[in-house]
Amino acid sequence: MSAIRYEHIKTCKQSGARLGRIHTPHGIIETPIFMPVGTQATVKSMTPEELKEINSQIILSNTYHLYMRPGHDLVKEAGGLHKFMNWDRPILTDSGGFQVFSLGPLRKITEEGVEFRSHIDGSKHFLSPEKVMEIENALGADIMMAFDECAPYPASRDYVKNSLERTTRWAKRCKEAHKNTENQGLFGIVQGGMYKDLREQSAKEIMELDFPGYAVGGLSVGEPKELMYEVLEYTTPLLPEDKPRYLMGVGSPDALIEGAIRGIDMFDCVLPTRIARNGTAMTSQGKVVVRNAKYARDFTPIDPECDCYACKNYTKAYIRHLVKANEILASRLITTHNLHFLLKLMENVRQAIREDRLLDFREEFFTKYGYEL
Ligand SMILES: CCCSCc1cc(N)cc2c(=O)[nH]c(N)nc12
Ligand SMILES: [Zn+2]
């Protein structure tokens, strides 16, 4: 019996998008869903209570970072990641593949795994599929990602083909090494870069290993959005309809809507929390760079249409003051707003699917937000 079960509720008659639920040991996730990223066992500046206040149903954390600090053995000793960070809803941990490959020249890839130097103190480390499973099992997330290689963009066909075939061999080793299958579901990751036949090869090989869920990896790596949508167009339909589909690293408002239309159920991105720390907010009228001088005497909320704590209680002028004064509350208020904005957007996407009108919703949202259709 797998720890993860996908329940398909309906398909939007207008767009083909899916409405579903993912049943996990720590609760149910309504899809399509946006998942806030909490790399180091915290969604930066937010408490679990504040995350629940804005209806976060699941959060992400990162194997690479938690292995490097404080160490997976410490988190295990604390009773696992849920207990350690006081979060009793679902957690997903990424395998660290993406992070380690982002270390660039500091890493060496072999069939066995990846040798790299710590971004903290430069010490040498080695991650193999087996080691990553040991770490993710110690952390105890409801959903664990297999150890993969995310090819850079652009990358040659030969590089992408060798990389996806290694990812398949590593996925098999992950499945063999994964303990605790009753309480933790292991998702496979489809690679293949921007090559249609290689995406088909990777999807076929990864699905043959039979995972409870599948991710589309290797996107949102610098490619043009139109190319990402094109790859999604022919990759998502290859995946089983009765399993969750996760598009890794994608989180701008337009990409969430376009991804849902192409059959994606799960999204994550550091964008809302990262731009918040730089003083930028996502609003129903497009991006607002709160630190801009034009907001110095603007005594209206970040977004007049938003009912989040920040918009109900503070003005742009006050938040701009906090940003300029480098006050911690600035990050907290803009992060609250940005996460609420994306979580609310996905709630509206789910409602549009219920009403079979997601394409109409896309047109309304894009017009208002200033996106090009
Ligand atoms: C907490 C971060 C989750 S998503 C990170 C991520 C982001 C993107 N864009 C691609 C990949 C990928 O191909 N593989 C893996 N493991 N992760 C990826
Ligand atoms: Zn708000």
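The values are calculated or read from the model by the stated rules, or taken from the named source; none is laboratory data. Everything quoted here is computed from the prediction, not taken from an experiment. Reconstructed Cβ throughout: ideal geometry from the backbone, glycine too, with neighbour counts over all protein chains shown.
Can you find a residue that is away from ligand 1 (no atom under 16 Å from the Cβ), out of contact with any Gly (no Cβ under 7 Å at 6 or more places or on another chain), closer than 23 Å to LYS344 by Cα and polar (S, T, N, Q) anywhere in the range 249-257? For the range 249-257, residues away from ligand 1 (no atom under 16 Å from the Cβ), out of contact with any Gly (no Cβ under 7 Å at 6 or more places or on another chain), closer than 23 Å to LYS344 by Cα and polar (S, T, N, Q): absent.
Take VAL250 and decide whether it is of a type in the set (A, V, I, L, M, F, W, C) and more than 24 Å from PHE361 (Cα to Cα). No, not satisfied. Within the range 258-277, being over 18 Å from VAL288 (Cα atoms), among the hydrophobic types (A, V, I, L, M, F, W, C) and within 15 Å of ligand 1 (Cβ to nearest atom) holds for ILE264, MET266, PHE267, CYS269. Which residue pairs have Cβ atoms under 6 Å apart, sit 6 or more places apart or on different chains, and have a first residue in the range 84-100 that is under 22 Å from GLU130 (Cβ atoms) and a second that is more than 9 Å from ligand 1 (Cβ to nearest atom) and of a type in the set (Gly, Ala, Ser)? Final answer for the pair search is ILE91/ALA141; LEU92/ALA141; THR93/ALA141.
Modelled with pLDDT of 95 or more and more than 16 Å from ligand 1 (Cβ to nearest atom) - does that describe any residue in the range 216-223? Among the residues of the range 216-223, not one is modelled with pLDDT of 95 or more and more than 16 Å from ligand 1 (Cβ to nearest atom), which makes the answer no. The C-beta contact set for the range 349-364 (first residue closer than 15 Å to LEU19 by Cα and in contact (Cβ under 8 Å) with a residue 60 or more places away in the chain, second residue hydroxyl-bearing (Ser, Thr, Tyr) and in a loop (DSSP other than H, G, I, E, B), distance under 8 angstrom, 6+ apart or interchain) comprises ILE353/SER15; LEU358/SER15; LEU359/SER15.
The set of residues from the range 131-164 being free of Cβ contacts under 8 Å to residues at least 60 places away in the same chain and β-branched (Val, Ile, Thr) comprises just one member, VAL160.
Okay, residues lined up against (1) within 16 Å of ligand 2 (Cβ to nearest atom); (2) among the hydroxyl-bearing types (Ser, Thr, Tyr); (3) surrounded by 20 or more Cβ atoms within 10 Å (Cβ to Cβ):
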position: GLY263; (1), (2), (3): no, no, yes
position: ILE275; (1), (2), (3): yes, no, no
position: MET282; (1), (2), (3): yes, no, yes
position: ARG291; (1), (2), (3): no, no, no
position: PRO301; (1), (2), (3): yes, no, yes
position: ALA317; (1), (2), (3): yes, no, no
position: LEU329; (1), (2), (3): yes, no, no
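Within the range 68-112, being within 13 Å of ligand 1 (Cβ to nearest atom) and aromatic (Phe, Trp, Tyr) holds for PHE98, PHE101. If only residues of the range 194-215 that are away from ligand 1 (no atom under 14 Å from the Cβ) and within 17 Å of ASP265 (Cβ to Cβ) are counted, the one that is surrounded by the most Cβ atoms within 10 Å (Cβ to Cβ) is PRO212.
Take the conditions (1) in contact with a helix residue (DSSP H, G or I) (Cβ under 7 Å, 6 or more places away or on another chain); (2) hydrophobic (A, V, I, L, M, F, W, C); (3) surrounded by fewer than 17 Cβ atoms within 10 Å (Cβ to Cβ); (4) part of a helix (DSSP H, G or I); ILE120 misses just one of them, which is (4).
Of all residues assigned to the range 158-179, at least one qualifies as being within 16 Å of ligand 1 (Cβ to nearest atom) and in a loop (DSSP other than H, G, I, E, B). For the range 247-261, filtered to residues that are touching a residue at least 60 places away in the same chain (Cβ under 8 Å) and either within 16 Å of ligand 2 (Cβ to nearest atom) or under 12 Å from the mean Cα position of the chain (by Cα) (or both), the residue that is nearest to ALA203 (Cα to Cα) is MET248. Of all the numbered requirements in (1) assigned to a helix (DSSP H, G or I); (2) within 19 Å of the chain's Cα centre (by Cα); (3) surrounded by fewer than 20 Cβ atoms within 10 Å (Cβ to Cβ), GLU223 misses one, and that requirement is (1).
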